[in-house]
Amino acid sequence: MAELPGPFLCGALLGLLCLSGLAVEVKVPTEPLSTPLGKTAELTCTYSTSVGDSFALEWSFVQPGKPISESHPILYFTNGQLYPTGSKSKRVSLLQNPPTVGVATLKLTDVHPSDTGTYLCQVNNPPDFYTNGLGLINLTVLVPPSNPLCSQSGQTSVGGSTALRCSSSEGAPKPVYNWVRLGSFPTPSPGSMVQDEVSGQLILTNLSLTSSGTYRCVATNQMGSASCELTLSVTEPSEGRVAGALIGVLLVVLLLSVAAFCLIRFHKERGKKPKETYGGSDLREDAMAPGISEHTSVRADSSKGFLERPSSASTVTTTKSKLPMIV
């Protein structure tokens, strides 16, 4: 008898296991699930297996853009007990508890924007053979657009170009943006207004005075809409130059005023300082030159009994100075 190839044996074994009811098969919807903000989401999951004492069910969650390996458990059932866990533990439950009749549907109440992501329904029931014991469901929480922010950049003089921008920080699915001009104005020339509904940008080229006005941006998705407004003022180029010159003159006047103030204050501070006094020896008119001595003749007055210096009689002798001359 010829030996059967390995793949053939595996396929035959799988078929026998499926026929005998020993295979685990998990089924989930193929289409993504969407639920409005604050509502209850039901994530349908069914399975087929011969439930035994080793049966275990686990629901886990992974944020958008991350691999399945980084998923975190949010609920599991084992040994006949249900264990919600994680940050969603107070809002998760099973549609049927215990989930032993082939239904493992998860209920998530009061959904938040952070609930958007991928949910994993996994069934373990050893020793049953696993053909597909894992199911993935993508959930999107629908959020209306938040009030957008309007901004403007570029030249706003005649002949220039400017960009109007609009963006909402929240909104799922991502909003589309539409700019409209309020009031009744002449139709702009073709190509002078170009807008991008995805980025929310409106480009205005070859501006004229009639381009001035109020522009409204409306952000819309299937949950609702929100808007913001912006006023655009287009000026003549000469007006811009006059304004610039006026600002320049004001700056010059301001600088001159500051300089004059500092100069006046400097002179005042300088005037308050005390005058310096000469520190050398002062000459006295009655000072006597070196080498000159005054001899006062004293006479005795026998009648008065004391010595008296006459006020009118004084003898001055002059002697030559012996000090060397310094040249």
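The values are calculated or read from the model by the stated rules, or taken from the named source; none is laboratory data. Model, not experiment: these values are computed from the prediction. A quick note on method: Cβ atoms are made from the backbone with ideal geometry, for glycine too, and the neighbour counts reach across all protein chains shown. These area figures cover heavy atoms from the full protein model, side chains too; ligands, DNA and RNA do not enter into them. Shrake-Rupley method; radii C 1.70, N 1.55, O 1.52, S 1.80 Å.
Against the definition (modelled with pLDDT under 95 and either of a type in the set (A, V, I, L, M, F, W, C) or within 17 Å of V26 (Cα to Cα) (or both)), how does N125 come out, yes or no?
Details: modelled with pLDDT under 95: yes; either of a type in the set (A, V, I, L, M, F, W, C) or within 17 Å of V26 (Cα to Cα) (or both): yes.
Considered against the rule, which asks whether it is modelled with pLDDT under 95 and either of a type in the set (A, V, I, L, M, F, W, C) or within 17 Å of V26 (Cα to Cα) (or both), N125 comes out as yes.
Looking at (1) assigned to a loop (DSSP other than H, G, I, E, B); (2) within 30 Å of G117 (Cα to Cα), which one does R165 not meet, given that it meets all the others?
(1)
For region 202-227, how many residues meet the condition of being of a type outside the set (F, W, Y), in contact (Cβ under 8 Å) with a residue 24 or more places away in the chain and under 25 Å from P237 (Cα atoms)? First the steps, then the outcome.
Going through region 202-227, the residues of a type outside the set (F, W, Y) turn out to be 202-214, 216-227.
Keeping just the survivors that are in contact (Cβ under 8 Å) with a residue 24 or more places away in the chain gives 202-210, 213-214, 216-227.
Subsequent filtering for residues that are under 25 Å from P237 (Cα atoms) retains 202-210, 213-214.
Qualifying residue count, region 202-227: 11.
For region 67-102, which residues satisfy the criterion of being among the small types (G, A, S), within 40 Å of the chain's Cα centre (by Cα) and over 18 Å from L136 (Cα atoms)? Break it down stepwise before answering.
Of region 67-102, the ones among the small types (G, A, S) are 69, 71, 80, 86-87, 89, 93, 102.
Those still in the list that are within 40 Å of the chain's Cα centre (by Cα) too: 69, 71, 86-87, 89, 93.
Within region 67-102, G86, S87, S89 qualify.
Please count how many residues of region 130-153 are surrounded by 18 or more Cβ atoms within 10 Å (Cβ to Cβ) and more than 22 Å from P73 (Cα to Cα). Working first, answer last.
If we filter region 130-153 for residues that are surrounded by 18 or more Cβ atoms within 10 Å (Cβ to Cβ), which is where we start, we get 133, 135, 137, 139-145, 148, 150.
The next check asks that each one be more than 22 Å from P73 (Cα to Cα); those that pass are 142-145, 148, 150.
Looking only at that region, the number is 6.
For a quick check of your reading of the model, give me the residue pairs whose first member lies in region 169-191 and is under 16 Å from Y215 (Cα atoms), whose second is modelled with pLDDT under 75 and assigned to a strand (DSSP E or B), with beta-carbon atoms closer than 9 Å and at least 6 apart or on different chains.
none
Is it fair to say L108 is touching a helix residue (DSSP H, G or I) at 6+ places or on another chain (Cβ under 7 Å), closer than 30 Å to E170 by Cα and at pLDDT 95 or above?
Numbers: touching a helix residue (DSSP H, G or I) at 6+ places or on another chain (Cβ under 7 Å): yes; closer than 30 Å to E170 by Cα: yes; at pLDDT 95 or above: yes.
Criteria met by L108.
If you check T156, T118, which single one turns out to be within 25 Å of L43 (Cα to Cα), open to solvent by less than 60 Å² (accessible area, probe 1.4 Å) and among the polar types (S, T, N, Q)?
Working: T156 fails: within 25 Å of L43 (Cα to Cα).
One residue alone meets the criteria, T118.
Provide a single number: the residues in region 109-124 that are of a type in the set (A, V, I, L, M) and over 33 Å from the mean Cα position of the chain (by Cα). Give the derivation first.
As a first pass, look at region 109-124 and keep what is of a type in the set (A, V, I, L, M): 111, 120, 123.
Among the residues that remain, those that are also over 33 Å from the mean Cα position of the chain (by Cα) are: 120, 123.
Residues meeting the conditions: 2.
Collect the residues in region 198-221 that are open to solvent by 70 Å² or more (accessible area, probe 1.4 Å), at pLDDT 95 or above and part of a loop (DSSP other than H, G, I, E, B), keeping them in residue-number order.
To start, the set of residues in region 198-221 that are open to solvent by 70 Å² or more (accessible area, probe 1.4 Å) comprises 198, 206, 209-210, 216.
Right, trim to at pLDDT 95 or above and you get 198, 216.
Correct list: V198 only.
Could you please find all residues in region 50-90 being closer than 25 Å to P126 by Cα and open to solvent by less than 30 Å² (accessible area, probe 1.4 Å)? Don't jump to the end; show me each part of the working.
From region 50-90, those closer than 25 Å to P126 by Cα are 50-61, 68-85; that's our starting set.
Within region 50-90, F55, A56, L57, W59, S60, F61, I74, L75, F77 meet the criteria.
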